[in-house]
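The values are calculated or read from the model by the stated rules, or taken from the named source; none is laboratory data. Please read all numbers here as calculations on a predicted model, not as lab measurements. Reconstructed Cβ throughout: ideal geometry from the backbone, glycine too, with neighbour counts over all protein chains shown.
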Amino acid sequence: MSRKSLVALKKFIFLFLITTYYSLLTTHALCGEFGLTTAQFLRRDIGTRVLGLAGVGTALSAQLESLGYNPAGLTSVEKNSLMTNYINGFSGSDNFGVIVFGTPALAPFKTALGVSYYDAGNINLNLSNGIRETRKAEQDLLTMGSLAFEPLPYLSLGATLKYCHLDLAQEFKANATAFDGGAIMKVPLNQKLGHLSIGTSILNIGQNITLYRQADPIPTKSSIGAVWQKELGIHPDADFEDEQGKYQLLLAGDYSQTKKEDASYAYGFELAKTKMLGFLNWAALRLGYRITGSAASFHFGFGWGWSSSELNYALVKLPKDAGLEHHISYGIKFGHTE
Amino acid sequence: MNKKRKFWFFFLLLTTYSSLLTSSWAAPNFTQETAIRLSSASAQTILEFGSTFRMYFIRDNAQIRTSTSTDGLNWSEEPGFRLSTSTILNTLDASSITACAILPLDTTGYRMLYTALSSTNSYHVLSATSTDGLGWAKESGVRFQASTSTTFIGSIRLQELSDGRWRMYYLQDSTGGNNPQNYELRSALSTNEGVTWSTEGKRISAPVGPFSAITLTNAKTRLLYLAPLANQTTYSQVLSQTSSDGTTFTPESSARLSTDSTKGSYASLLVYRSTENFRWRAYTGFTVNGSTTPNVYSDLTQTPSFDSIDPARMYKTQNGTGFTIKGEVFSSTPTVRLTRAGASDIAATGITRLDDQTITGSLTTLNQPLGSWQLVITNDDGQSTSVEGAVTIDFPSGDIQITDNLFKPKEGGRARIDVTIYNDSVVTLRIFTINGMPVKTVLDESKSAGTFSVFWNGDTDGGNTVASGLYYLRSKGAKLNRVDKIIVVK
C-alpha cells in the first residue's frame with residue numbers, strides 16, 4: 001500500500017469513527033420500538049437490487065440505488081442513468097414508486113435527482129360521530145437531489161437534500177426537509193483477496209414534523225457497513241474465461257440504528273455471472289436477512305442486465321405475519337462515459 | 001418451439017379445454033332391459049291414445065306397421081299394415097320406406113311424413129293423413145327432398161315449436177350420394193303442419209346414424225344418434241347433443257349406450273318417455289352379426305343422473321340453505337339427503353322438481369360437522385344415486401369492522417375493532433407500519449366463534465404512543481386474513 005493510500009485510509013477511519021459516534025448519539029434506541037417516528041415513507045427502499053440484499057447498501061457502490069442508502073455510492077455512476085422502481089405494498093392497496101436520474105456530467109461530481117411517491121389507496125372512514133366517507137389514506141411526495149465525489153483516492157463522499165410533502169386522509173398535511181450524508185472507503189487489498197469497502201451513512205436528518213398538534217421525529221438512521229466482492233474464475237485459461245464470463249461473489253453486512261428503534265443487523269449475498277445465455281450481460285441471484293429487535297425479514301431477489309438496461313426483482317417476507325412485498329425496478333444507461 | 005408448433009400446441013390446448021367445457025353435462029345413460037320388444041322391426045315413432053301407446057315401425061323397408069302397449073314393454077302387433085310400398089304406387093312409386101314420423105293436425109287427425117326411395121333411386125319425403133292413426137291416405141306431391149333427388153334423405157324426426165311451427169330433423173348425405181359415412185343431421189321448418197318445408201342447415205356433422213329427438217320440459221332439445229366407433233362403419237354407440245334453441249347443439253360427454261361391435265350393431269333408434277314420465281326408454285333396433293334382420297330391444301335410464309349442486313358449499317351457520325340440483329331422471333318427489341360417516345343424515349326439505357333437469361329444496365346444515373358430505377338422491381321407486389363429496393359444509397369467512405379508523409389518541413380517541421369469526425380459532429390482530437414493521441399486537445389468543453370487540457388506543461407494545469401516520473391492521477383467524485387501514489393523528 002502506498003503512503004498516499006495509507007494517509008487516505010487514516011483519514012477515512014477518522015471520519016468513519018466521527019460519523020458513527022454522531023450517529024449513535026442522535027439515533028440511539030430509547031425504547032426499541034417501531035412506529036415512534038413519522039414520515040415512514042422516507043424509509044421505503046428505493047433500490048430493488050439492494051433490497052434483495054436485505055437493504056445492505058451502506059458500503060455498496062450501487063450506482064443510482066445508492067441514493068436510498070448512502071449517497072457516497074453515487075460515485076459509481078459512470079454514464080447518464082435512469083432508474084424506476086415500483087412496489088406493491090403488503091396491504092395490496094398501497095403503491096410506492098420512484099424515478100431517479102443520475103449523471104457524471106458535472107465532473108468531478110456525480111449528481112442525481114429523484115422523485116418518489118407513496119399512495120396508500122383509499123380508506124373508508126367510519127367514525128363514531130357518524131362520519132362515513134372515503135378518502136385517500138396517505139399520499140406523499142419526495143424530491144431528492146444528490147451530489148457525490150471522490151476527494152481522495154479510495155474515498156467517496158456524498159450528500160442528499162430531500163424535500164417531502166405528507167398528506168394524511170386529505171386533511172393532515174405537512175412539508176419537511178431532510179438531509180442524507182455518507183462516505184465509502186475502498187480498502188486496498190491484495191487482488192487475490194478481492195475488494196473490500198467500508199461505509200457509513202446518516203439518512204433523514206431533519207426537523208420533527210407536525211401533522212396535527214404534536215410534533216413527531218422523522219426516522220433518522222445511521223449505518224455502518226462493509227462489502228466484500230471477489231471475482232471467481234471458472235477456468236484457468238483467461239481467454240476462455242473471458243469468453244464464458246465470470247462469477248462474481250458479493251457478501252455484505254450492515255449495522256444500523258434508526259431513531260427510537262432497536263439496532264438492526266442485515267446481511268446480504270449476491271452471486272452474479274457475466275455473459276449469461278449469450279445475450280445477457282449479467283444475471284444475479286440475491287439473498288438477504290435483516291433482524292431488528294425481534295422483527296426479522298427475509299429477502300430474495302434476482303436481476304438481469306442486457307444491452308444498456310437492467311431489470312431487478314425482489315421479494316420480501318416481512319416480519320411476523322405482515323405478509324410479502326414485491327419490488328421491481330428497471331434501469332437504463334445512455335450517453336458517454338465521462 | 002417454432003411458430004407452427006406453438007400454434008398447434010395452443011390450438012390443441014384450446015380445443016381440449018373448450019371440449020371439456022362444452023361436454024360437461026352428465027347426461028343420463030341407458031341400461032338395457034331384457035327381452036325383445038319387437039321382431040324384425042325398426043321403431044319410428046309413438047302416439048298416445050289415452051293410456052295406450054301405439055308404436056309405428058317399419059318392417060322389411062316396405063311396410064309401416066303398428067303395435068300397442070300400455071306399459072311400453074309388452075307390445076302387441078296390430079293386424080295389417082298402415083302404409084306399404086304397394087299402396088303408394090303413383091307417380092312416385094317407392095321401392096322402399098326407410099323412416100316415418102307423425103304430427104297431430106290442429107283440426108283433427110294426423111299427418112305422417114315418410115321417406116321413400118323410388119324405383120329410380122330418388123329420395124323423397126312423402127306424406128299421408130289419417131283420422132284415427134290406423135287408416136292412412138297418401139297425399140299427392142313431395143313434401144321435401146334434397147336439391148338433387150338422388151341425395152339420400154332419411155331418419156326423419158319431428159318437433160313442435162312453441163309458436164306452432166314444426167321442425168323436422170333428418171339425415172342427408174353431405175356429398176349428394178348415399179354413403180352412411182357421409183350422413184349429416186340437418187333440420188327444416190314448416191309453418192303449415194308439414195305440407196311445405198324450408199331448410200335451415202346442418203345440426204350435427206357426419207357421420208351420424210339414425211337418431212331420435214326428444215324435448216325436455218325445460219324446452220331443451222336432445223338429439224340421440226347412432227354413431228360408429230373410430231375406424232368402424234357399423235353403429236355401436238348412442239351419442240347425444242343438446243340445444244336450447246333447437247339449432248345449436250352441444251355434445252354431451254361419453255356415450256348414452258354402447259354395444260360390443262363383435263356381437264352386432266344398432267340399426268335404428270327411438271327414444272320416448274317411459275310410463276312413469278320421468279325416465280326415457282330407448283327402442284334400439286339391433287342386428288346380430290351374421291343376420292340382416294334387426295329386432296327392437298329396449299333400454300331405460302334407471303338411476304338419477306347428477307350433474308351439479310348449487311351451492312356446493314354450505315355453512316354450518318345457516319339454518320336452511322336453498323339449493324338447486326342439476327341432473328336428470330328425477331321422479332316427481334325425490335328425496336335428497338347428505339350423509340357422512342359418524343354423523344346423522346341431513347334430509348332436504350321442500351323438494352320441488354322444476355323440470356326434467358332441475359330439482360330444488362333446502363338443507364339445514366346448522367352446527368353440522370365440517371367437511372365434505374355425500375349427496376344421495378333417491379327417486380320415489382327407490383332408485384338412487386350417491387355422489388361423494390358433492391357438498392362441503394364450511395363456515396363463513398370472518399369479518400372485521402373498525403369504528404374510528406381515524407382517531408386522536410391524545411384526545412382520548414381509540415379504534416374499536418369488531419371481530420366476527422364463525423369457528424373457534426386463534427385470532428391475531430397486529431398493527432404494522434406502512435413498511436411492514438410490527439408496532440403492536442392487539443390480540444393473539446384463542447377465541448370462540450362469535451363477535452367480540454377489541455380496542456387500539458394508538459400505543460405500541462411498549463406502551464408508547466405511536467407517531468402520527470397511517471398504520472395497517474393485519475387480522476388473522478378462522479378464515480380471516482385481511483389488512484385494514486387505521487390513521488392516527490396527534
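Of all residues in region B:61-79, those satisfying the criterion of being part of a strand (DSSP E or B) and under 19 Å from B:Ala94 (Cα atoms) are B:Gln63, B:Ile64, B:Arg65. Considering only residues of region A:293-317 that are over 17 Å from the mean Cα position of the chain (by Cα) and under 30 Å from B:Leu443 (Cβ atoms), which is surrounded by the fewest Cβ atoms within 10 Å (Cβ to Cβ)? Here the residue is A:Ser294.
Identify, from the list B:Thr292, B:Thr284, the residue that is in contact (Cβ under 8 Å) with a residue 40 or more places away in the chain and of a type in the set (Ser, Thr, Tyr).
Being in contact (Cβ under 8 Å) with a residue 40 or more places away in the chain and of a type in the set (Ser, Thr, Tyr) holds for just one of B:Thr292, B:Thr284, which is B:Thr284.
Take B:Thr420 and decide whether it is farther than 30 Å from B:Thr365 by Cβ and free of Cβ contacts under 8 Å to residues at least 60 places away in the same chain. Here the answer is no, as B:Thr420 does not meet what is asked.
Looking at region B:294-333, the strands (runs of 3 or more DSSP E) lying wholly inside it that each contain 3 or more residues that are closer than 30 Å to B:Thr98 by Cβ sit at B:295-300.
If you check B:Thr365, B:Thr352 for being surrounded by fewer than 18 Cβ atoms within 10 Å (Cβ to Cβ) and among the β-branched types (Val, Ile, Thr), only one passes: B:Thr352. Taken together, B:Ala146, B:Ala116, B:Ala128 contain a single residue that is under 19 Å from B:Lys202 (Cβ atoms), small (Gly, Ala, Ser) and surrounded by 14 or more Cβ atoms within 10 Å (Cβ to Cβ), which is B:Ala146. Test B:Ser344 against the criterion of being polar (S, T, N, Q) and not in a loop (DSSP other than H, G, I, E, B), and give yes or no. Spelling it out, B:Ser344 is indeed polar (S, T, N, Q) and not in a loop (DSSP other than H, G, I, E, B). Which of the strands (runs of 3 or more DSSP E) contained wholly in region A:154-216 include at least 2 residues that are touching a Lys or Arg at 6+ places or on another chain (Cβ under 6 Å)? Qualifying strands (runs of 3 or more DSSP E): A:195-206.
Would you say B:Ile102 is closer than 30 Å to B:Asp245 by Cα, at pLDDT 90 or above and either touching a helix residue (DSSP H, G or I) at 6+ places or on another chain (Cβ under 7 Å) or among the β-branched types (Val, Ile, Thr) (or both)? Yes. Screening A:Thr134 against (1) over 21 Å from A:Leu42 (Cβ atoms); (2) within 14 Å of another protein chain (Cβ to nearest Cβ); (3) among the polar types (S, T, N, Q); (4) surrounded by 15 or more Cβ atoms within 10 Å (Cβ to Cβ) leaves a single unmet condition, (4). Selection within region A:102-124: residues that are touching a strand residue (DSSP E or B) at 6+ places or on another chain (Cβ under 7 Å) and under 16 Å from B:Tyr472 (Cβ atoms). The member of this set that is farthest from the other protein chains (Cβ to nearest Cβ) is A:Asp119. Here region B:1-60 is the region considered, the condition is being modelled with pLDDT under 90 and in a strand (DSSP E or B), and the residue that is nearest to the chain's Cα centre (by Cα) is B:Thr34. Applying the set (1) at pLDDT 95 or above; (2) surrounded by 14 or more Cβ atoms within 10 Å (Cβ to Cβ); (3) among the charged types (D, E, K, R) to B:Asp345 leaves exactly one unmet item: (2). Among the residues in region B:199-207, are any among the basic types (Lys, Arg), farther than 24 Å from B:Thr151 by Cβ and surrounded by 17 or more Cβ atoms within 10 Å (Cβ to Cβ)? No: zero hits. A single entry from A:Ala105, A:Ala148 fulfils the requirement of being among the hydrophobic types (A, V, I, L, M, F, W, C) and assigned to a strand (DSSP E or B): A:Ala148. Put simply, of B:Ala188, B:Ala206, B:Ala230 the only residue that is outside any loop (DSSP other than H, G, I, E, B), at negative phi and either touching a residue at least 60 places away in the same chain (Cβ under 8 Å) or assigned by TED's automatic domain parsing to the domain that holds B:Leu269 (or both) is B:Ala188. Being more than 30 Å from A:Tyr117 (Cβ to Cβ) and either surrounded by 19 or more Cβ atoms within 10 Å (Cβ to Cβ) or hydrophobic (A, V, I, L, M, F, W, C) (or both) is a condition met by at least one residue of region B:423-434.
Select the strands (runs of 3 or more DSSP E) contained entirely in region B:376-427, then report the ones holding at least 1 residues which are within 14 Å of chain A (Cβ to nearest Cβ) and over 30 Å from A:Leu211 (Cβ atoms).
B:399-403
If the condition is being more than 7 Å from every other protein chain (Cβ to nearest Cβ) and crowded, with 21+ Cβ neighbours inside 10 Å, then region B:448-470 contributes B:Trp456, B:Gly458. Count of region A:108-127 residues, restricted to those that are part of a strand (DSSP E or B), buried (at least 17 other Cβ atoms within 10 Å of the Cβ) and out of contact with any helix residue (DSSP H, G or I) (no Cβ under 6 Å at 6 or more places or on another chain), is 6.
Take the residues in region A:55-71 that are in contact with a helix residue (DSSP H, G or I) (Cβ under 9 Å, 6 or more places away or on another chain) and part of a helix (DSSP H, G or I); name whichever of them is surrounded by the most Cβ atoms within 10 Å (Cβ to Cβ). Applying the filter and picking the extreme gives A:Ser66.
As a summary of the residue check, A:Phe90 satisfies the conditions (1) in contact with a Leu (Cβ under 8 Å, 6 or more places away or on another chain); (2) more than 14 Å from every other protein chain (Cβ to nearest Cβ); (3) surrounded by fewer than 24 Cβ atoms within 10 Å (Cβ to Cβ) except for the one numbered (2). Taking the criterion of being more than 14 Å from chain B (Cβ to nearest Cβ) and polar (S, T, N, Q), the residues of region A:183-206 that qualify are A:Asn190, A:Gln191, A:Ser197, A:Thr200, A:Ser201. Summed over region A:87-114, residues that are out of contact with any Phe, Trp or Tyr (no Cβ under 9 Å at 6 or more places or on another chain) and over 25 Å from A:Pro153 (Cα atoms) total 5. Among the residues of region B:434-447, those identified as touching a Ser or Thr at 6+ places or on another chain (Cβ under 9 Å) and within 7 Å of chain A (Cβ to nearest Cβ) are B:Ile434, B:Gly436, B:Met437, B:Pro438, B:Val439.
Residues in region B:471-480 that are facing chain A (nearest Cβ under 9 Å) and within 51 Å of the chain's Cα centre (by Cα): B:Tyr472, B:Arg474, B:Lys476.
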